[in-house]
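Asks: Take a look at this one; I'll ask things after.
The values are calculated or read from the model by the stated rules, or taken from the named source; none is laboratory data. Bear in mind that the values here come from a model prediction, so they are computed numbers and not experimental data. Neighbour counts are summed over all protein chains in view; Cβ atoms, including those assigned to glycine, are modelled from backbone coordinates with ideal geometry.
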Amino acid sequence: MAGKLTKISILLQTLSRLPGLSFLSSVDTQMREVEDNVGDYEDNVNEIKRNAEDVKGVATDLVSDDE
C-alpha cells in the first residue's frame, strides 16, 4: 500500500505544477497526514494489545498465587 501511495503522491506533485491544478498539492499534503495518522493509530493499537497481554499475565499470576 505504501508503494501505491508514494506513486500517487509523485503524480499529485507533478500534476500540481500544471496551471489550474495547484490545489493538488494540498491534496497530497492531506493524504500524507492521513497516512501518518493511520500509522500512529496502528502503533497505538499494538501498544494496547501489548498492555492487554501484560494485564492478562499479571491476572494469571495473581490467580495462580491464590490457588
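Asks: Please go through the range 18-53 and pick out each residue that is exposed (fewer than 11 other Cβ atoms within 10 Å of the Cβ) and touching a Leu at 6+ places or on another chain (Cβ under 9 Å).
Replies: Passing the criteria: only LEU18.
Asks: Yes or no: SER9 exposed (fewer than 10 other Cβ atoms within 10 Å of the Cβ) and part of a helix (DSSP H, G or I)? Talk me through it step by step, then tell me what you get.
Replies: Numbers: exposed (fewer than 10 other Cβ atoms within 10 Å of the Cβ): no; part of a helix (DSSP H, G or I): yes.
When the stated conditions are applied, SER9 does not pass them.
Asks: Just to be sure I understand, how many residues within the range 17-67 are assigned to a helix (DSSP H, G or I) and on the phi > 0 side of the Ramachandran plot?
Replies: We begin by selecting, within the range 17-67, every residue assigned to a helix (DSSP H, G or I); these are 24-66.
Those left that are additionally on the phi > 0 side of the Ramachandran plot: none.
Here the count works out to 0.
Asks: Another one. Find all pairs meeting these conditions: Cβ atoms under 6 angstrom apart; at least six residues apart or on different chains; first residue within the range 1-17 and at pLDDT 90 or above; second residue of a type in the set (A, V, I, L, M, F, W, C) and not in a helix (DSSP H, G or I).
Replies: Qualifying pairs under 6 Å: LEU15/LEU21.
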